[in-house]
Each structure stands twice: as C-alpha cells, then as structure tokens.
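Here is the structure we will look at.
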Number of protein chains: 4
Amino acid sequence: MRLSITAFLDYSLPRPADLLIALEVAQTPDQELIEDLLTVGGTGPLTPIAADDGLGRRTWARGAGRVTARYTATVDVERPATLLAGLAADDVKSLPASVVSYLFPSRYCESDRLEEAVLRDYGHLSGGDKIAAMVAWIRAHLTYEPSGKLGTTAIDTMIARRGVCRDYSHLLIAMARAADIPARMVGAYAWALEPEDFHAVVEVWLDGGWRLVDPTGLAPEEGIARIGVGRDATDISFLTIFGRADLIEQRVSVTRLDA
Amino acid sequence: MRLSITAFLDYSLPRPADLLIALEVAQTPDQELIEDLLTVGGTGPLTPIAADDGLGRRTWARGAGRVTARYTATVDVERPATLLAGLAADDVKSLPASVVSYLFPSRYCESDRLEEAVLRDYGHLSGGDKIAAMVAWIRAHLTYEPSGKLGTTAIDTMIARRGVCRDYSHLLIAMARAADIPARMVGAYAWALEPEDFHAVVEVWLDGGWRLVDPTGLAPEEGIARIGVGRDATDISFLTIFGRADLIEQRVSVTRLDA
Amino acid sequence: MRLSITAFLDYSLPRPADLLIALEVAQTPDQELIEDLLTVGGTGPLTPIAADDGLGRRTWARGAGRVTARYTATVDVERPATLLAGLAADDVKSLPASVVSYLFPSRYCESDRLEEAVLRDYGHLSGGDKIAAMVAWIRAHLTYEPSGKLGTTAIDTMIARRGVCRDYSHLLIAMARAADIPARMVGAYAWALEPEDFHAVVEVWLDGGWRLVDPTGLAPEEGIARIGVGRDATDISFLTIFGRADLIEQRVSVTRLDA
Amino acid sequence: MRLSITAFLDYSLPRPADLLIALEVAQTPDQELIEDLLTVGGTGPLTPIAADDGLGRRTWARGAGRVTARYTATVDVERPATLLAGLAADDVKSLPASVVSYLFPSRYCESDRLEEAVLRDYGHLSGGDKIAAMVAWIRAHLTYEPSGKLGTTAIDTMIARRGVCRDYSHLLIAMARAADIPARMVGAYAWALEPEDFHAVVEVWLDGGWRLVDPTGLAPEEGIARIGVGRDATDISFLTIFGRADLIEQRVSVTRLDA
C-alpha cells in the first residue's frame, strides 16, 4: 500500500527549550520510503540521532517562541495482515539479545502483576492463539474513550475498562509479557484511522520475528507506517520538550495513493 | 585496584525453567579482566548473549532440580574516585543517541513526578554540584535497612526514608533525571561492602561521560566492578528465572589482591 | 448455635506503648453473649470505649515488656444462613444516615475505579442476585493464599487473583459499593474456620438491613460471632499498638457447644 | 464575626439520579445559625439526614434534567484564632471513642507511610508546636495551584509540591496522624477566601478538643463556617450525585455583616 503522510506540529515555547522530534517514518524492509522531508521552524540547527533499537530516527533541536514542525512522506508499506493463529512462541532462551528487555515489566506495563491472571485465563493457549485471545478480550471489554487520567497503566486500563490506543497497547503488551512473550510498543502513522491522529500499536515476538498487532482494531496492519519502537509510551513520544510548551495545533493526515 | 571476585548461586527448581544469568564482570577500559570463569551445574548448554547497551554479557540456560552457578574473576579496576564538584551538565540536545533513554522516567524511577521538588530544592545548583547535593540529602535522610516491601519505587523510598542499595540508587536516578541529567543503574561487585553481597550503584552523565556514584556511600568507586547497566533494577537482575525457584544459598566475595 | 470462644495474644513491647484491643464479641440481637471475660496482663488499668457505629466495644491499655490478652466467651448465635437470592437493593436516598458512608470508596476498597467494570459485568442483575454473582466470581477466580504484600487493596487482589479473608472481603465490598450497594467489613470469630484464626467477612445492606456474607465461603454465617464493623481493615484491627511490638504468640479457638 | 453566606449549584442530569446535598452550615457552639434556607429545584421531596459524627446535616433528593440548589444563611461565628503554640497532645488512650478513627490512615491520607519521615523531621517537637511546624513546612514548600490530577493523595501532594485546599488539608491530616495526633477534614464556607469557593480545612485534636487550622493560610479561622467533618475528602463532598451530571454553574459568596 502506497501512503502519503503529513504531520504538522505547532507549539509556543515561553522560554528556550530543547526538543526531541520523532516524526520520521523508519526505513525497514516492510516499509520503503520513497521520499520524505522534515521542516522545522523557529529553532536552531537540527541534530539527527538514531532511535532506540536502531529502528528509526529522531531529531534534536533548540527552539523558542513559535515552533513548528512539518513532516511529509511517501512510503510503500508491504506488510501482509498479521495472522496470529498458529504462530509458535519461541523459548525465551532462544531470544536474540535485543529482544530480551521486552520480556520485562516497564512503567506502564506491569506484566509481573498479571502473571497469575494470564496463567489462569490463557494458560490453555499458546503463541499466536494466546495473543489472539488476549486481543479478543480487550476488544470485548474496553470502550475506546479517554480515561481522563494521565499516567494510566495497563492495570489501570484493565480495571477502568476504557482507554485510547496507547492504553489498549499497554494492556496487550503487559498481558503478552506476563505470558513470557516479548512485546513492544510502536509509534506509527495509520491509514484509515478515524479520527486521523498519531497511532500506537504493538509488536509481539512470535515464531522468530516481530508481528504487528493493533489491539484497537481501528487500523489494518497493512496500512501502518512505523516511526519507532520502545518498551512503552515512555519511548515513543513524537515530541519531547525539555521545558514548558503550549500546543497551538497538531495535525496528521494519511492518504492512500495506490487505490 | 586488583580484585578477586567469587559469586555462588544455589537454587532448586521444581520444574524445568529457563534462566538468564548476569554474573560476569564487563570488560571495559576502566576495569580489565585478567581472567574469569562461569561454571553452571544442573542445566543444559549455555548460550551467551550481549547485555543491554552493549556493556557486559549475559548467559541463557535451561535447568531443572538443583541448579548452581559459580563465577570467579580477577579484575584490575583502574577508576579514580568520582569527583562531582564542578562537573558540567551537558545540554540534552548534545547527548548521544544511546544516552537519551536515560533521561526518561522508568518503572522504579518516577522522575517526572519529582520535577517540581527538584527544581525547588536544587534549582540553584547545576551539574556535578547538583548531583552531590542530592547524594548528600539521601545520605542524611535515609536509613539503610530493608523497607520490607517488594516493588519499592524512588518515591516510595523518599517517603519511607529507608531502603537498601537498590532503593538508594533508584532515588538518586529519579532525582537526576528530574533535573534532565541522564542517570542509569549499575549492577556490580564492590570491594569493602559490608555485608558482602551484590551491589547496585548509579552512573550519571556529566561532562561528556558516565560518572559512577554510590549513593549509599558504602563502597568506594575505585573498588567497584560493573556487571551491567540499565534503566533501573528491572534491567540488572543477576539471575532471572522464568518459572518457580527456591533459593538455597547465595554468596558473594570480593577481595583486594594488591594491597 | 452456641459457641465457646477463646483468643490469646502474647506480645513483647520494647518500650511502653498504648494499645487498643478489640477482642470482645458484640452484644446484638443475633448474637447473645452468655458470658465473657477479657484478662490483660502487663498493662496498667483498662479503659473501655465504644467501637465504631456503636457496634461492639474496644479497650485502651498502656503496657510495656511482655503483654498478654486472653478473651473467653460463650455466645448464642441465632442467625440464619444468608439467602441473597431475590433480596432487593434499597434506593440510596432511603438509606439511614449511619449507612451512607458505606456507599463511598475507602482506602482498601477503591469502588469508584470499579464502576464501569461492575456496570458492564453485573449491570443486568440487581440486589441480592448481583451480590451473589460477585461472590461467585470471586470464589471462581481467586486462590486463597497470602499475596505476600502489605497494603493490598481490592484492585490489587482482583489483579493478583489471590488473597486471604481480608482481601476477599475488600474485593466484595468494593464491587458492591461500585454498584451503589452499601457494604462494610466485619471482624469476627468463626466456627469451622480452617485453620483457626480471626476472620474477616462482609455485610451488605439489602432490603432494609445488613446481610452477613463470607466471600471466602470458609465459614457458615450461622457460626460467625461479630467483634466489630468498619469501612475496611483499617477499622477492625483486633489489636492496634501505638509503638513497636514483637509477636510472640496468637491463638484463636472457636468450639460449638450445642451439637 | 457575623457572616452572610450564599451557595448556588446548577447541574444538568441526563437521567434521574439520587443526590446527597451537604450545603447547610452546622449548628455548633462556636457557630450559631441566625437563619438559613435550602431551596432545591428540579427534584422530588427532600429527605434530611444527620451527617457523619453528628456534626451537621445532609439532604437526599431525587432529580432529573435541570437541578438547582440554593442555600442562604446568616451565621455568627464566635471562634477565636487558633493558637497552636504550647497546646499539649493527648495520650491516645485518653481519646474519646468518637475521636479514635481519626488516628488511622484513610484513602487520601496515608499517614502510616509517613511515620518515619514525621518522626525524623518533627520528633523533637510535640503537640501544637509540632502541628505548627508541619503547617510551616507545607506553606513554605507547596504552591497553591491545581495538580491537574484526580485522586491526589497526601503523598502525591508532598511529592508534587502543589495542590489546592483539599490537597493541603490531606497532607496536614496525614502528617498529624503519623504523629498519633487525631486529625479530620472540614468542609466549610470561608470569609475572605480568594477566589470565593467552598473551602476545605483541618481540625486537629489537641488538649482535649478539636482545633481548627487552615493549612493554606488563605482564610482566618474566625471567619470559617463549618458544613461537616470526615476522615478526608471522601466524606465532605458538598454534592454527591449517584449518576451522571454536567456542571452548569456553581457559586459561593461569603460576606461579613458586622464590620
């Protein structure tokens, strides 16, 4: 699927502040960048750095007053829909070094506290079938609406029975890790997402590779362009400002070009 | 300082389980391994993998019944005492990519919740002087004793006013990150630690490099041999067992050879 | 059912401390005290006071060194088994003033966070049927064993899927209050409890009165002698020591005399 | 001080709901009601009940659609400014039964977690001097502004260093109880409060009686008219709606008549 992506951020900074921008689509075998351009206004020179896990890029800048960032890209996503059924879970001791940290609990994904519940509720399943059952539970029991609370964790979401893409993803990640299946969070652009916005989805490690899953069911995996990955929302913020900032406007648009 | 290190773990596993062992001293410019040997009993073949951040090694094994691990090493630590006074903090936008994630809150280090307190209490200081003042507060206000609670975070420790090396380290890390100074946790062997045990200390990023600090003050930095680093205790466990295990015995010994 | 009750506490206090003892069975229409005696050793004079809600008694004392308390009672419990099925919930606006506070969340019973889940899972039921369904869920999903953590709340227990009588009770109380059904915690002696110990159960307000329910199912309601009631475990401690104390021994025995 | 008080609430209820209204000034020796009137529109008949601890009144109603409540009162407050200095703390074992529950932690006041900190920081003081020192710490270290987070507890506030009257009160209550000094929360009208609103203050039990303290320092104790008391904010809500409601308007006005 060929996608045309536009993101636009517009902020006001009362005092000079450093910014870490993560808007650029990662170049990987399953998503080929045809062209892209990041334009930042209101800052000094840009310093690109690698993102976590070597997947994707980030950009440092120092700005003050009105700061804008515009990103446009054309990308070919060649990723089939993820078929979880029947996928085997790998023995943890066969996991590559770079995957190991995704077995452990993280700030928003308290997988250690869910071990007993996951064993009781999903212990009869394994691998992709287990993940599919978790996704089904999440979709059946959660309402897609903001919880109205900052700092919501996977357990908060499981209890409150509501949340947005970030919360759905944290919950699936925590449940997967509680079953010793590595899981990480993905910041992304998504085709057909309503309303248009940045999206957060999940990758689980099954049968020797990362498998993309959208626990909200709002966006097909074939139309997702990944920006970056990390342990949870802590790592995939599209904009981190080291100081105060007021949001003026923020827009995302993803259009399909080849259909 | 030349150190002779011995660690011995003895566990009983009721059912077969995968184990991730992190006992080996990292080979780095400031700590040169003369020789070392890891011997594991009661498991199948060992699979070594890299540790997080490329610093150090870890070893996968699958065991059952009585499992033992013995590690012995001779290491030359050539690290001067850390002098914090006067060290400059780097602009965050100049930080290397590999350091950036150590700016952010993590599970046991809720730095975002401490920003206002750190600004009020340490805002008049900067860099190494700021870190030194934080260490002084911690040493003056905490008692070194177990909190008797699992899952203790930096804020729990700040409130309870007690903890062990892991808690002291989490608190210093959270305070440093709240001031936009990167900080990470270090699992280590430490000479002169009483009682002998594994140790946890902190590295803060100042003036272009990681600086080792022991917030407990129990071990001199010159006698610390690092095993691995990570965001917090989640990442530096010396033994992770994916299943049930009962501790039979655990011993650590660190002797100085050159004095 | 006529019960013979004995409780014995034996503590060592390194320094003089005030103690609040709540061992005495409450005299109420459904449990008639034939005789009882509280004997306290190692303290100064005893000061009896009323307990919360006017149900039961408590006793202040000041002790030091070895402190013992022995309570013996004979009590006729004339309470039929609680039949929840078909009991109506009262409109909250018809509740007596003394019942209102049992609608609200308390420290260990975060009922406000469970409102959505309780509405989704039990919204099709009402009154006693709703409570019965909650009890059934709890019994089917929890394992009776200590969580190994102090300060466990209802939500902690719902997530961990394990706990003891206190945890089971907190969870049922939180679920009931989330459905606007008043619920309170009861400290009690219980016949046929294995192993013998103090017990914690629940009272829910249905059809104009408090109904005793044991969510653990370990003790029949007909053999429960209530000591006191409160919002949660905070209020029904059988011994509160304002200072340090070491437990030497603690024993409870409940024997049926009439069968 | 003679005060004229007006409170006005205007809500919209999408579906019929029971309401518990707590707007009326309590009649006590230190605040004599000259006249008052509660007028409720949009509901069925009103059912007055006693408030917690026998201090004050509450009113049940069932409403739907647009619901308004208007309360007007003239009250003579004859309460001198609270002088904490030198007031003795009572032995806990001499406390009246009705005061005992105010020694214990409650949902928003985790006094048990503050015991060590309070012992270390205030252990050299006692009674009113200890409370005065706590108030001074709070005023010096907190900024009066919303924390932007619901469900904020005393410890959250101590860490965040910011809050409103409710948060200041929770923190003082938790600190006092951690020192075995009973403390409770007071919902009130306050003269000279800027901006005009409902107020929350604290009563601590010293030298045989409750002493009113405003930890924010925003309102003089002589101009405070109490509505009700409780363990924390859970108990003193001026309006509890058992269902959904949208706030349209809410106004409070307190005018001095005798100066």
(message) Just to be sure I understand the interface: list residues from region D:1-31 that lose 30 Å² or more of accessible area between the chain on its own and the complete protein assembly, 1.4 Å probe.
(response) D:Asp18
(message) Relative contact order for chain A: what percent, with Cα pairs under 8 Å and sequence separation of 6 or more?
(response) 29 percent
(request) Give me the accessible area per residue for region B:92-235, probe 1.4 Å, as a whole number in Å². (result) 31 Å²
(request) Express as a percent, rounded to the nearest 5, the fraction of DSSP beta bridges in region C:92-235 (both residues included) that run antiparallel. (result) 90 percent
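Under the classification rounded if a/c is under 1.5, otherwise prolate if a/b is larger than b/c and oblate if not, where does region A:84-123 fall, given a ≥ b ≥ c as square roots of the Cα gyration tensor eigenvalues?
Working: a/c = 2.16, a/b = 1.10, b/c = 1.96.
Oblate.
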(message) Pick from D:Gly228, D:Gly86, D:Gly187 the residue whose mean-square fluctuation is largest in a GNM of chain D, springs joining Cα atoms under 10 Å.
(response) D:Gly86
(message) Can you tally the net charge around D:Ala88? Count Lys and Arg as +1, Asp and Glu as -1, for every other residue whose Cβ sits under 14 Å from the Cβ of D:Ala88.
(response) -3
(message) For B:Lys130, give me every one of the lysines with a C-alpha distance below 26 angstrom, ignoring sequence neighbours fewer than eight places off in its own chain.
(response) B:Lys93
(request) Determine the percent antiparallel among the DSSP beta bridges restricted to the protein assembly as shown, to the nearest 5. (result) 95 percent
(request) Keeping all protein chains in position, work out how much accessible area A:Arg120 exposes to a 1.4 Å probe, and write it in Å² to the nearest 10. (result) 90 Å²
(request) With viscosity set to 0.692 mPa s and temperature to 37 °C, compute the Stokes-Einstein D of the protein assembly as shown, Rh being the Kirkwood radius across alpha carbon pairs; µm²/s, no decimals. (result) 104 µm²/s
(message) With viscosity set to 1.567 mPa s at 4 °C, what whole-number translational diffusion coefficient in µm²/s follows for region B:92-235 from Stokes-Einstein and a Kirkwood radius over Cα pairs?
(response) 87 µm²/s
(request) Round to the nearest 10 and give me the degree value, 0 to 90, for the angle of helix B:165-178's Cα axis relative to the longest principal axis of chain B. (result) 40 degrees
(request) Please report, largest first and rounded to whole Å, the three semi-axes of the ellipsoid equivalent to chain B, where each semi-axis is the square root of five times an eigenvalue of the C-alpha gyration tensor. (result) 31, 20, 17
(request) Report, for C:Arg120, each distance to the same residue's label point in the other copies, shortest first and in nm; define the point 7 Å along Cα→Cβ. (result) 1.8, 3.8, 4.2
(request) May I ask you to list the lysines whose Cα is less than 18 Å away from that of B:Lys149, ignoring any residue fewer than eight positions away on the same chain? (result) C:Lys149
(message) Please list log₁₀ I(q)/I(0) at q = 0.16, 0.17 Å⁻¹ for region A:1-62, using the Debye equation with identical point scatterers on the alpha-carbon positions.
(response) -0.61, -0.68
(message) For the rotation taking chain D to chain C, which residue of D has the Cβ nearest the axis, and how many Å away is it?
(response) D:Arg107, 2
(message) I'd like the residues of region A:35-72 whose 1.4 Å-probe accessible area shrinks by no less than 10 Å² going from the isolated chain to the full set of protein chains.
(response) A:Thr47, A:Ile49, A:Ala50, A:Asp52, A:Arg58, A:Trp60, A:Arg62
(request) With everything on Cα atoms, drop me the angle between helix A:127-141 and the longest principal axis of chain A, reported from 0 to 90° to the nearest 10. (result) 70 degrees
(request) Shortest first and in nm with one decimal, please list how far the A:Gly54 label point sits from its counterparts in the other copies (point 7 Å along Cα→Cβ). (result) 1.0, 7.5, 7.6
(message) Buried accessible area between A and B (1.4 Å probe, both chains summed, ligands and nucleic acids excluded), in Å² to the nearest 100?
(response) 2700 Å²
(request) Could you tally the net charge around D:Asp246, taking each other residue with its Cβ under 14 Å from the Cβ of D:Asp246, Lys/Arg +1 and Asp/Glu -1? (result) +1
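Give me the percent relative contact order of region C:92-235, please, defined on Cα pairs under 8 angstrom at least 6 residues apart.
After rounding, I find 25 percent.
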(request) Leaving ligands, DNA and RNA out of it, report the carbon-plus-sulfur percent of the accessible area of region D:185-259 at a 1.4 Å probe. (result) 45 percent
(message) Please check: in the Gaussian network model of chain B (C-alpha springs, under 10 Å), which one of B:Ile181, B:Ile248, B:Ile155 has the largest mean-square fluctuation.
(response) B:Ile248
(request) Any chance you could check the Cα centroid distance between region D:210-259 and region D:17-96 for me, in angstrom? (result) 9 Å
(message) Below 12 angstrom from the Cβ of A:Ile21, what's the summed charge of the other residues (Lys, Arg +1; Asp, Glu -1)?
(response) +3
(request) Could you name every residue in region D:113-130 that has 50 Å² or more less accessible surface in the full protein assembly than in its own chain alone (probe 1.4 Å, ligands and nucleic acids excluded)? (result) D:Arg113, D:Glu116, D:Arg120
(message) Compute, for the protein assembly as shown, the length of the dipole vector about the Cα centre, with Cβ point charges of +1 (Lys, Arg) and -1 (Asp, Glu) only. Units Debye, rounded to 20.
(response) 0 debye
(message) What does the copy distance list look like for B:Arg256, label position 7 Å along Cα→Cβ, in nm and ordered from shortest?
(response) 7.1, 7.1, 7.2
(request) Have a look at B:Asp53, B:Asp167, B:Asp76 and tell me which one the Gaussian network model of chain B (Cα, springs below 10 Å) gives the largest fluctuation. (result) B:Asp53
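The values are calculated or read from the model by the stated rules, or taken from the named source; none is laboratory data. Note that this is a predicted model, so its numbers are computed, not measured. Glycine gets a Cβ as well: all are built from the backbone with ideal geometry, and neighbour counts include every protein chain shown. SASA here: full protein model, heavy atoms, side chains in, ligands and nucleic acids out. Shrake-Rupley method; radii C 1.70, N 1.55, O 1.52, S 1.80 Å.
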